[in-house]
Amino acid sequence: MTAIRDLNARGCTASFDHLNESVGRVAETETEVREYLDVLARIDETGIDSNVSIKLTQFGLELDPELAYRNARRIVEDAARRGNFVRVDMEGSSVTQATIDVFKRLRAEFGLNDVGIVIQSYLYRTKDDARELLKIPARIRLCKGAYNESPEVAYPAKQDVDDNYVRVMKLLLASGVYHGIATHDPKMIDATIDFAQREGIGKDAFEFQMLYGIRRDLQDQLARDGYRMRVYVPYGKHWYPYFMRRLAERPANIWFVWKNLWK
Ligand SMILES: Cc1cc2nc3c(=O)[nH]c(=O)nc-3n(C[C@H](O)[C@H](O)[C@H](O)COP(=O)(O)OP(=O)(O)OC[C@H]3O[C@@H](n4cnc5c(N)ncnc54)[C@H](O)[C@@H]3O)c2cc1C
């Protein structure tokens, strides 16, 4: 709450993420639902500017997709009632289709501004997914992708991931729907700004998104330049898999953590 209040004071909105994934017990999925219902209530009480991000494996997707759907539905229903928004994060490729299927069911019941999804530019399938999701239409967060995927499903070369990011970003921005461009990569950000300016797309027609604590300078600069900036704020006890993904995408972080442990 305090971190998000500070972000709001810096001109950024936020997204709560209660860290947990691949939950293997039904009772634990219930605890996760309660946590999110509590967070949505706290957002209302405190008046902070934040939505929530959820992971479907946190609600039992790998146990039973029906259970994950029912759990996610409770959160989306509560958020919709409160005029808030739920983003369904995208996880590893073994659950991409199941995540999209659950999202489509939610989106059939709730509005464009109640629930959205994430796609990852490292997957070969993403451009087709973007086209399909835009037909609904759906609000989409575009990211590069954070899981260790095989060359059978994902571009192994960074340049291809980046090229695909730019291609899909253009599809999204041209759709007229409000999307999230999630990246810390200045090249992706410049490409987005260039495209929006060339096509006459307003600064308020989309938002940039970054992770809490990463490229704070860039977050502040974009907010100062009049762009919408949302910061993803993870919290909770189950931090290890999230932390390992952050280390994997930037090995320099291992040195950063080690150095700070000794300070
Ligand atoms: C708001 C948000 C939500 C996300 N949601 C998902 C999701 O649902 N599913 C999913 O698979 N992935 C998600 N991701 C992660 C994403 O897929 C990438 O793994 C991550 O953002 C790194 O890619 P990048 O676009 O920043 O570019 P990169 O090319 O990886 O990085 C560009 C530059 O950004 C900086 N940077 C990047 N990562 C770090 C880091 N960990 N620490 C310090 N500096 C860093 C460095 O300066 C680096 O040179 C999300 C990312 C964001 C910002």
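Could you please tell me which pairs satisfy a Cβ distance under 8 Å, a separation of 6+ or placement on different chains, a first residue in the stretch 142-167 that is at pLDDT below 95, and a second residue that is away from the ligand (no atom under 12 Å from the Cβ) and among the acidic types (Asp, Glu)?
Short answer, once both residue conditions are applied: none.
Which condition number does residue 165 fail, the rest of (1) assigned to a helix (DSSP H, G or I); (2) within 19 Å of residue 227 (Cα to Cα) being met?
Here residue 165 meets the rest and fails (2).
Scan the stretch 36-62 for residues that are without any contact (Cβ under 8 Å) to a residue 60 or more places away in the chain and either acidic (Asp, Glu) or in contact with a helix residue (DSSP H, G or I) (Cβ under 7 Å, 6 or more places away or on another chain) (or both) and report the count.
Residues in the stretch 36-62 being without any contact (Cβ under 8 Å) to a residue 60 or more places away in the chain and either acidic (Asp, Glu) or in contact with a helix residue (DSSP H, G or I) (Cβ under 7 Å, 6 or more places away or on another chain) (or both): 17 in total.
Just to be sure I understand, how many residues within the stretch 192-208 are within 16 Å of the ligand (Cβ to nearest atom) and crowded, with 19+ Cβ neighbours inside 10 Å?
Residues flagged as within 16 Å of the ligand (Cβ to nearest atom) and crowded, with 19+ Cβ neighbours inside 10 Å within the stretch 192-208 amount to 4.
Is there any pair linking a residue in the stretch 181-193 that is under 12 Å from residue 142 (Cβ atoms) to one that is surrounded by 21 or more Cβ atoms within 10 Å (Cβ to Cβ) and of a type in the set (Lys, Arg), with Cβ under 6 Å and at least six apart or on different chains, and which?
Here the result reads 182/141, each pair linking the stretch 181-193 to a residue that is surrounded by 21 or more Cβ atoms within 10 Å (Cβ to Cβ) and of a type in the set (Lys, Arg).
Quick one: residue 172 ticks every box in (1) more than 15 Å from the ligand (Cβ to nearest atom); (2) closer than 19 Å to residue 113 by Cα except a single one, so which number is it?
Condition not satisfied by residue 172: (1).
Answer yes or no as to whether residue 162 is over 26 Å from residue 112 (Cβ atoms) and either in contact with a strand residue (DSSP E or B) (Cβ under 9 Å, 6 or more places away or on another chain) or loosely packed, with under 15 Cβ neighbours inside 10 Å (or both).
Answer is no for this residue.
From the set of residues in the stretch 226-263 that are more than 24 Å from residue 24 (Cα to Cα), touching a residue at least 12 places away in the same chain (Cβ under 8 Å) and surrounded by fewer than 15 Cβ atoms within 10 Å (Cβ to Cβ), which is farthest from the ligand (Cβ to nearest atom)?
The residue in question is 226.
The values are calculated or read from the model by the stated rules, or taken from the named source; none is laboratory data. Small disclaimer: the values here were computed from a predicted structure and weren't measured. Virtual Cβ from ideal backbone geometry, glycine too; neighbours counted across all protein chains shown.
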